[in-house]
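The values are calculated or read from the model by the stated rules, or taken from the named source; none is laboratory data. Values in this document were obtained by computation on a predicted structure and should not be read as measured data. Cβ coordinates were reconstructed from backbone atoms using ideal geometry, including for glycine residues, and neighbour counts include every protein chain displayed. Accessible surface is based on the protein model in full, side chains and every heavy atom, while ligands, DNA and RNA are left aside. Shrake-Rupley method; radii C 1.70, N 1.55, O 1.52, S 1.80 Å.
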Amino acid sequence: QVQLVESGGGLVQAGGSLRLSCTHSARTVSRYAMGWFRQAPGNKREFLTVIGLNDGSTYYADSVKGRFTISRDNANNAMYLQMNSLKPEDTAVYYCAAEAIPGSRWPYQNFRSWGQGTQVTVSS
């Protein structure tokens, strides 16, 4: 396991933006794909997006495509999720995930390490 720390969550109005950050200290994290998930009360954890090793390959779930952007900065041991045009249904705890476990095909959705989560609340 590696330590992952999310930050940037908070309260925003519908239509607003937030930028989530995920930092880590383990060198090995940079050698795997990373991703973001979210979980609202009473729901299962939802896959949002994944990014490859060098920011050359990304994939987005339909629920966030066109509004959210994933990026990573390996030199600074960080990954980001830019969230624009936020909706009340985006309210959830957001988790960063690292050390992807490859499945049969891209996009990878299984990860070995998880952060503790950061709360995002979007008001109407």
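Listed values, structure above:
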item	result
Index of the failed condition, GLY66 passing every other in (1) assigned to a strand (DSSP E or B); (2) modelled with pLDDT of 95 or more; (3) open to solvent by 20 Å² or more (accessible area, probe 1.4 Å)	(1)
Hey, THR23 closer than 15 Å to THR118 by Cβ, surrounded by 17 or more Cβ atoms within 10 Å (Cβ to Cβ) and not small (Gly, Ala, Ser) or not	yes
Failed item, numbered, when ALA33 is tested on (1) among the small types (Gly, Ala, Ser); (2) crowded, with 19+ Cβ neighbours inside 10 Å; (3) within 11 Å of the chain's Cα centre (by Cα)	(3)
Any hit, region 51-60, residues being under 19 Å from VAL120 (Cα atoms), modelled with pLDDT of 95 or more, open to solvent by less than 50 Å² (accessible area, probe 1.4 Å) and hydrophobic (A, V, I, L, M, F, W, C)	no
Pick from region 1-20, criterion under 17 Å from ASN84 (Cα atoms) and within 14 Å of the chain's Cα centre (by Cα), ranking: most open to solvent (accessible area, probe 1.4 Å)	ARG19
Residues that are in a strand (DSSP E or B) and either of a type in the set (A, V, I, L, M) or without any contact (Cβ under 8 Å) to a residue 12 or more places away in the chain (or both), drawn from region 28-48	MET34, LEU48
Residue list for region 76-124, restricted to those being open to solvent by 40 Å² or more (accessible area, probe 1.4 Å), among the β-branched types (Val, Ile, Thr) and farther than 15 Å from PHE47 by Cα	THR121
Among (1) charged (D, E, K, R); (2) at pLDDT below 95; (3) in contact with a strand residue (DSSP E or B) (Cβ under 7 Å, 6 or more places away or on another chain) - the single one ARG27 does not satisfy	(3)
Pairs with Cβ under 6 Å, 6+ apart, first in region 97-108 and touching a residue at least 12 places away in the same chain (Cβ under 8 Å) and under 17 Å from SER71 (Cα atoms), second assigned to a loop (DSSP other than H, G, I, E, B) and of a type in the set (A, V, I, L, M)	ALA100/ALA33; TYR108/ALA33
Which numbered condition LEU48 fails, given (1) more than 21 Å from ARG105 (Cβ to Cβ); (2) modelled with pLDDT of 95 or more	(1)
